[in-house]
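A short write-up of the structure that comes next.
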Amino acid sequence: MAEIVKMSHLALHEQVSARLRTMLVEGRIAPGAKLNERELSEQLQVSRTPLREAIKLLAAEGLVDLLPNRGAVAVKLTEADVMHSFELLAELEGLSGMLAAERIAEAEIAELRALHFEMMACHARRDLSGYYRLNARIHSAINEAAGNPVLAQTYRAINARVQSLRFRTNQDEAKWARALAEHQQMIEALAARDGARLREVLIQHVLAKRDAVLALLRDGAIYPAEAVR
């Protein structure tokens, strides 16, 4: 875990939200857990004002739920939530891929290829945290290259709520290797501007994530204290 350093006052709540976002995605704040302001304030070395602003931002993104009488808690999805979210997310990513293949610039393809190589290096080092950050950047870049702001806004809203679950699926070695191979196929399809192929790869990639998450939920590997509804 990166060393916590004192943050500047410039855009402080955005810096705090970035730290909290990583903690939520990587499970350092467990799904369903209350965000303890006193503890987080001490850990991040900030006052409660920027912390509360950051929590509101993450609530707007869908990573945190603001509940009556409980305050802010890390989002915790039911099995039905997972099925519905990934079902929609697969189609959103597929559409992003189809549009991106038509509209992306060559320089953007080169940047995505570079990110992919960096991600491969993280896989080789078994750096799951670094791998996931690059992975998320690649998916976001494809979505942005689609050039449709309404699609981008919808995608971000749905994807935010399942980020921590997507992160956990790569902790299985075989599934991690499969995901990396699928990313190679994405880059190849994008470079060939084969929108139909890229759409197919992205949809299958997201549905495989869904199946992996559901398996973890049913095995009690994500929410071990309670049965999945």
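Is there a quick way to get the dipole size of region 1-121? I mean about its Cα centre, with the Cβ of Lys and Arg at +1 and of Asp and Glu at -1; what is the value in debye to the nearest 20?
Computed charge dipole of region 1-121: roughly 740 debye.
Identify, among SER164, MET98, LEU67, the residue whose Cα sits farthest towards the positive end of the charge dipole of the chain, taking +1 on the Cβ of Lys and Arg and -1 on the Cβ of Asp and Glu, with the dipole about the Cα centre.
Of SER164, MET98, LEU67, it is LEU67.
State to the nearest 20 debye the size of the charge dipole of region 12-74 about its Cα centre, where the only charges are +1 on K and R beta carbons and -1 on D and E beta carbons.
120
Summarise the long-distance tail of P(r) for region 94-182 by giving the % of C-alpha pairs beyond 21 Å.
Cα-Cα pairs in region 94-182 separated by more than 21 Å: 34 percent.
Could you tell me how many degrees, from 0 to 90 and to the nearest 10, lie between the Cα long axis of helix 128-145 and the main elongation axis, the longest principal axis, of the Cα atoms of the chain?
Approximately 60 degrees, to the nearest ten.
Within region 97-202, list the trypsin sites (Lys or Arg not before Pro) lying in a DSSP loop whose Cβ has at most 10 other Cβ atoms in a 10 Å radius.
Filter output for region 97-202: ARG126.
Summing -39500 (n - 2.57) over the DSSP H runs of n ≥ 4 in the chain and dividing by its residue number, what mean residue ellipticity at 222 nm do you reach, to the nearest 500 deg cm²/dmol?
Estimated from H runs of four or more residues: -24000 deg cm²/dmol.
Per residue and in cubic angstrom, what volume does the convex hull of the Cα atoms of the chain have?
Dividing the Cα hull volume of the chain by its residue count gives 133 Å³.
Suppose every Lys and Arg Cβ carries +1 and every Asp and Glu Cβ carries -1, with no other charges. What dipole size does region 89-195 come out with about its Cα centre, to the nearest 20 debye?
The dipole of region 89-195 has a size of about 440 debye.
Taking the dipole about the Cα centre of the chain, with the C-beta of Lys and Arg at +1 and of Asp and Glu at -1, give me whichever of GLN43, ALA146, GLN204 is farthest to the positive side.
Going by the Cα projections, it comes out as GLN43.
Using alpha carbons only, how many degrees (0 to 90, rounded to 10) separate the axis of helix 48-61 from the longest principal axis of the chain?
Once rounded, one gets 40 degrees.
What longest region of the chain stays clear of GluC sites (Glu not before Pro) that DSSP places outside H, G, I, E and B and that have at most 12 other Cβ atoms within 10 Å?
With a cap of 12 other Cβ atoms within 10 Å, the longest stretch comes to 4-225.
Cα centroids of region 54-112 and region 145-207: how far apart, whole angstrom?
With region 54-112 and region 145-207 each reduced to a Cα centre, they are spaced 11 Å.
No lab work stands behind these numbers, since they all come straight from the coordinates. None of these values were measured; they are calculated from a predicted model. With ideal geometry, Cβ positions are generated from the backbone for all residues, glycine too; neighbour counts draw on all protein chains shown.
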